[in-house]
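Visitor: Structure provided below as structure tokens; questions to follow.
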Amino acid sequence: MILIFSIYLLLQGHNAPGGGFIAGLMTSATFVLQYVAYGIKHQRSILPLNFPMLIALGLLLSLGTGVVPMLFGKPFLTSAFGHLSLPVFGESEWATAVLFDLGVYLVVVGVTMTIITALGEN
Amino acid sequence: MKLDNLIILPVLLPLAGAILTFMLKGRLSRQKLVALVVLGLNLAWSLLLLAQVRSGEILAFSAGDWPVPFGIVFACDIFSALMLTVSAIVSLAVLLYAFHSIDIERGKFNFYAFFLLLVMGVNGAFLTGDIFNLYVFFEIMLISSYVLMSLGGEKAQLRETFKYMVINMLASALFLIGVALLYAVTGTLNMADLAVKIRTAADHGLLTVIAMIFMVVFGTKAAIFPLYFWLPQSYPATPPAVNAVLGGLLTKVGVYCLFRAFTLLFTFDPGYTHTILRFIAGATMAAGIIGAVGQFGMRSLLSYHIVSQIGYMIMGLGIFTPLGIAAGIYHLVHNMIVKTALFLTAGVTHDLTGTTDLHKLGGLLKVYPLLGWTFFFAGISLAGAPPMSGFFSKFALILAGLDAKHYLLVTVAVLISLLTLYSMMKIFRYAFWGQASREYPKVKYGPALCSAVALVAISLAMGLGADWMLELVMAAGEQMMDPDLYIRAVLLEV
């Protein structure tokens, strides 16, 4: 439930309250709940993710969103947006800012989980 | 493609490099390769920027195409480009040394990633045109420096890092307060916009207070009198390579910010602010050198000299004429190069002999002639003997001081210069001259020393090509004494 809400926050973040940071925190909260309830072994078995690597991936994604516009001669971080017709969802809006947010999201999840598991293991 | 957009490359390159090295966890040789390529590109790009802005053009752009006072602005004038180039040279030199001196353990714990992040923070601070982003880049730089300092977890290291962290957090908090006050008074944080608003502001009393807050903040980072106390203890506790980059780069970013703030923003009452700066300059020179006289550790001696040399740079700023600023910049550039070279030689000495305590050394010149002479030339350059670059930068400073009739300050500067020479000769005499007091291992140290030799060569080149250098820094000084150029470039051209 929290996970779904956090993804909702992530997706609306670029022009309504929400965003990658807060969504990341909420997602980590769900993982932490799991962790508290079932312990580290269970956690590892259902979520075989390398959290530090998640940080790097997130950073790379955010950086990439910033750099790509430079290739088109626009300043760093310029975001593009427009409308798109998707088969299932119908008319919807897209923006590259979402990708940036996704990067932030990954970084936050990675950082929080790294810290909490490191503290928890000691 | 417009060049303006690409001035941010010196920030993006190290960031990308840091992420890559982070992902290459454990594969040390590839990490080194990435770091080397990134810093090489960084240097090449900085040189290109310098060539571009030399004519007086100021490059600026706003991230995300936002209208100017609201967007995040990056700007590059001669001063920024010069600082970028020098910091690129210094970081590359330290990296080459780090390959030989940083142990595998530290390398595995992301030493190179944080080194690159540090370079990113430094470059960002040089380029940003927005005072809040200056804060952000400062934090990036400081956080990476905390990691670099504490990496390895030796006892002395952790103790000193803790002090360093507390001091810097305090300064950062003050920085934020200053930024908040500035925003409350003027309603903007864009530096060019701020310069305009400050000039037309009615109440200069409050602005003077804010100026003083910033002086304290940047002064703590730059280690000026009386805020230098944290530096001489904390720097020698770190690994030599980290020591070199902290001594060569970090404090100089504080000096850069002082230059920027007190030529662009707080120029409404130079009779007050710049008199304080001149006083601080003299006191910093004296305090640093007095501290150095009593020291017998090579690295703590050199750390006190950082403080003393900062005084000369602030002197240029305090004189506040185009020549004064130019001389200050010249000294800043010269000092970054030479100081790093000195720390690198001290580092190599440490690697070879296991100590930098002058009482335990002696006769090194016979065993390691190249090391001895590299130190000698770097030392006399720091003290200001011709034909090294230190002579010309001090000469210009003294000339500027005489022009502006600050005779007392000039006297202090000359005296301190003599004491610097004495102190350098002290190191040389105790460590390198005389009979060897014990056996030294005969090992090859050429590769570890090569970057120090290159830096000394650059210092010599800057001395021999003083004409060309002076022309460049004069252009920078004149450009900075006319803030309208910067303001117009940022507010209108973007």
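The values are calculated or read from the model by the stated rules, or taken from the named source; none is laboratory data. Here the structure is a predicted model, which is why all the values come from computation and not from measurement. Using ideal geometry, Cβ is built from the backbone for each residue, glycine included, and neighbour counts are taken over all protein chains shown. Heavy atoms of the whole protein, side chains included, go into the accessibility calculation; ligands, DNA and RNA do not. Shrake-Rupley method; radii C 1.70, N 1.55, O 1.52, S 1.80 Å.
Visitor: Residue check: is B:F162 within 30 Å of B:I7 (Cα to Cα), under 24 Å from the mean Cα position of the chain (by Cα) and not β-branched (V, I, T)?
Guide: So B:F162 fails the test.
Visitor: OK, next. With respect to B:A400, determine if the residue is part of a helix (DSSP H, G or I), open to solvent by less than 50 Å² (accessible area, probe 1.4 Å) and touching a residue at least 12 places away in the same chain (Cβ under 8 Å).
Guide: yes
Visitor: Consider segment B:346-375. How many of its residues are touching a residue at least 40 places away in the same chain (Cβ under 8 Å) and either open to solvent by 50 Å² or more (accessible area, probe 1.4 Å) or within 26 Å of B:V473 (Cβ to Cβ) (or both)?
Guide: Qualifying residue count for the region: 7.
Visitor: Within segment B:227-254, count every residue that is among the hydrophobic types (A, V, I, L, M, F, W, C), in contact with a helix residue (DSSP H, G or I) (Cβ under 7 Å, 6 or more places away or on another chain) and assigned to a loop (DSSP other than H, G, I, E, B).
Guide: Residues that pass the stated criteria total 2.
Visitor: When you check A:L77 against the structure, is it closer than 22 Å to B:M23 by Cβ, open to solvent by 50 Å² or more (accessible area, probe 1.4 Å) and either at pLDDT 80 or above or not in a strand (DSSP E or B) (or both), yes or no?
Guide: no
Visitor: Can you tell me which residue among B:L47, B:L95, B:L36 is crowded, with 16+ Cβ neighbours inside 10 Å and either under 20 Å from the mean Cα position of the chain (by Cα) or within 14 Å of another protein chain (Cβ to nearest Cβ) (or both)?
Guide: One residue alone meets the criteria, B:L95.
Visitor: Go through B:T321, B:T340 for me and flag whichever is touching a residue at least 24 places away in the same chain (Cβ under 8 Å) and surrounded by fewer than 24 Cβ atoms within 10 Å (Cβ to Cβ).
Guide: Going through B:T321, B:T340 in turn, just one is touching a residue at least 24 places away in the same chain (Cβ under 8 Å) and surrounded by fewer than 24 Cβ atoms within 10 Å (Cβ to Cβ): B:T321.
Visitor: Right, another one. Just to check your reading of the model, which residue among B:A18, B:A81 is of a type outside the set (V, I, T), within 14 Å of another protein chain (Cβ to nearest Cβ), touching a Leu at 6+ places or on another chain (Cβ under 7 Å) and part of a helix (DSSP H, G or I)?
Guide: Answer to the check: B:A18.
Visitor: A:F89 - would you say it is within 12 Å of another protein chain (Cβ to nearest Cβ), surrounded by fewer than 16 Cβ atoms within 10 Å (Cβ to Cβ), modelled with pLDDT under 75 and farther than 26 Å from B:L117 by Cα?
Guide: In short, no.
Residue-by-condition table, conditions (1) open to solvent by 50 Å² or more (accessible area, probe 1.4 Å); (2) among the hydrophobic types (A, V, I, L, M, F, W, C); (3) touching a residue at least 24 places away in the same chain (Cβ under 8 Å):
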position	(1), (2), (3)
B:P386	yes, no, yes
B:S389	no, no, yes
B:F392	yes, yes, yes
B:L409	no, yes, yes
B:Y430	yes, no, yes
B:S437	yes, no, yes
B:D467	yes, no, no
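Visitor: Another question about this same structure. Looking only at segment B:277-300, how many residues end up being closer than 23 Å to B:F79 by Cα and open to solvent by 10 Å² or more (accessible area, probe 1.4 Å)?
Guide: Counting residues in segment B:277-300 that are closer than 23 Å to B:F79 by Cα and open to solvent by 10 Å² or more (accessible area, probe 1.4 Å) gives 2.
Visitor: Return yes when B:P270 is at negative phi and in contact with a Ser or Thr (Cβ under 7 Å, 6 or more places away or on another chain) and no when it is not.
Guide: Here the answer is no, as B:P270 does not meet what is asked.
Visitor: As an exercise: evaluate B:A413 against (1) within 23 Å of B:F296 (Cβ to Cβ); (2) open to solvent by less than 10 Å² (accessible area, probe 1.4 Å) and give the number of the one condition it does not meet.
Guide: Condition (1) is where B:A413 drops out.
Visitor: Now for a different question. Considering B:R54, B:R27, which residue is out of contact with any Lys or Arg (no Cβ under 7 Å at 6 or more places or on another chain), away from chain A (no Cβ under 14 Å) and open to solvent by 40 Å² or more (accessible area, probe 1.4 Å)?
Guide: Testing whether each residue is out of contact with any Lys or Arg (no Cβ under 7 Å at 6 or more places or on another chain), away from chain A (no Cβ under 14 Å) and open to solvent by 40 Å² or more (accessible area, probe 1.4 Å) leaves just B:R54.
Visitor: On to the next question. Which ones in segment B:222-251 are among the polar types (S, T, N, Q) and more than 19 Å from B:H350 (Cβ to Cβ)?
Guide: The answer is B:T251, and nothing else.
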